[in-house]
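Working notes for the structure below.
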Amino acid sequence: MKKLLMIAAFGTFMFAGVTGEGHHADHWSYSGNMGPQHWGDIDPKFRMCALGVNQSPIDMDRFVDAKLPKLKITYAGIAKEVVYNGHTIKVTTLGKNEVVIDGKPFMLMQFHFHTPSENKIAGKQFPMEAHFVHKSKDGEYLVIALMFKEGRKNSALQKVLNDLSTEVGKKRMLREMFNPGDFFPRKLDYYRYDGSFTTPPCTEGVRWIVLKNPVEASKEQIAMMHEIMHDNSRPVQPLKARVILK
Ligand SMILES: [Zn+2]
């Protein structure tokens, strides 16, 4: 445990150095003094982590039947560059990768991974979850969450792993660029709820789409992701007044 913590702290420091961002603002982790229970106290900017009432992730167990429209993902761009930033393995994207929700277009900026999953579906936690982070022109956020279960090797994930450096902050271009939509299952049935970023500053007002169908990745691939990121899942947050649309 102690060793893990030291690696996490060192990683954060390296990242801050590489990007020129302030050490203080980036100084949080998934365990110990800087762990999720303390995020709200680390920096005034992080106060929503403690005070928010629509926080993510959640255990989705209070459903309301809604006639959710078919999800239309029109990704025409590429996954471009991968980095382990000390918190997650993140892939930045390029081009017109768009989703329209509530009549509003959202553009994909990046996707990243959590081991194990952050959101739970009726109490079930998956070994890995990917978050596809989108932003609208007026600055609103939409996250599409995709669960992974153990099974066959995932070819899109392999293209990420092939060029991934374990050195914190070391960006690498993907030699095999691919359409980020290659990750998605054929059936795009989904749950929907209102939540937040699952990392500081825990900003609320985020539209969450959680795909009902997981995709597969091999045990070895998931183990490789976990070996680099360790446990990087925020515990589930209270549902409060929210319901999950299905
Ligand atoms: Zn995430």
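The values are calculated or read from the model by the stated rules, or taken from the named source; none is laboratory data. Here the structure is a predicted model, which means the values were calculated and not measured. Because the Cβ atoms are built from the backbone with ideal geometry, glycine has one as well, and the counts that use them run over all protein chains shown. Surface accessibility is based on the protein's heavy atoms, side chains included, excluding ligands, DNA and RNA. Shrake-Rupley method; radii C 1.70, N 1.55, O 1.52, S 1.80 Å.
Here are a few things to note about the model shown:
- Residue match in segment 113-123 (condition: among the charged types (D, E, K, R) and either closer than 26 Å to His230 by Cβ or assigned to a strand (DSSP E or B) (or both)): yes
- Test: residue in segment 160-181 that is under 25 Å from Met60 (Cβ atoms), out of contact with any Gly (no Cβ under 6 Å at 6 or more places or on another chain) and open to solvent by 60 Å² or more (accessible area, probe 1.4 Å): no
- Answer from Asp65, Asp102 - the residue that is open to solvent by 50 Å² or more (accessible area, probe 1.4 Å), away from the ligand (no atom under 16 Å from the Cβ), more than 11 Å from the chain's Cα centre (by Cα) and at pLDDT below 95: Asp102
- For first residues located in segment 219-246 and under 23 Å from His38 (Cα atoms) and open to solvent by 80 Å² or more (accessible area, probe 1.4 Å), partners that are modelled with pLDDT of 95 or more and in a loop (DSSP other than H, G, I, E, B) and lie 6+ apart or on another chain with Cβ distances below 6 Å form the pairs Asp231/Tyr30; Lys240/Val53.
- The listed residues are Gly151, Gly139, and the only one of them that is modelled with pLDDT of 95 or more and farther than 23 Å from Pro116 by Cβ turns out to be Gly139.
- Segment 135-159 - residue that is outside any strand (DSSP E or B), among the charged types (D, E, K, R) and in contact (Cβ under 8 Å) with a residue 60 or more places away in the chain and, of those, surrounded by the fewest Cβ atoms within 10 Å (Cβ to Cβ): Arg152
- For segment 124-134, filtered to residues that are more than 9 Å from the ligand (Cβ to nearest atom) and assigned to a strand (DSSP E or B), the residue that is nearest to Glu204 (Cα to Cα) is His134.
- Taken over segment 199-215, the criterion of being open to solvent by less than 30 Å² (accessible area, probe 1.4 Å) and under 18 Å from Val243 (Cα atoms) is satisfied by Val206, Trp208, Ile209, Val210, Leu211.
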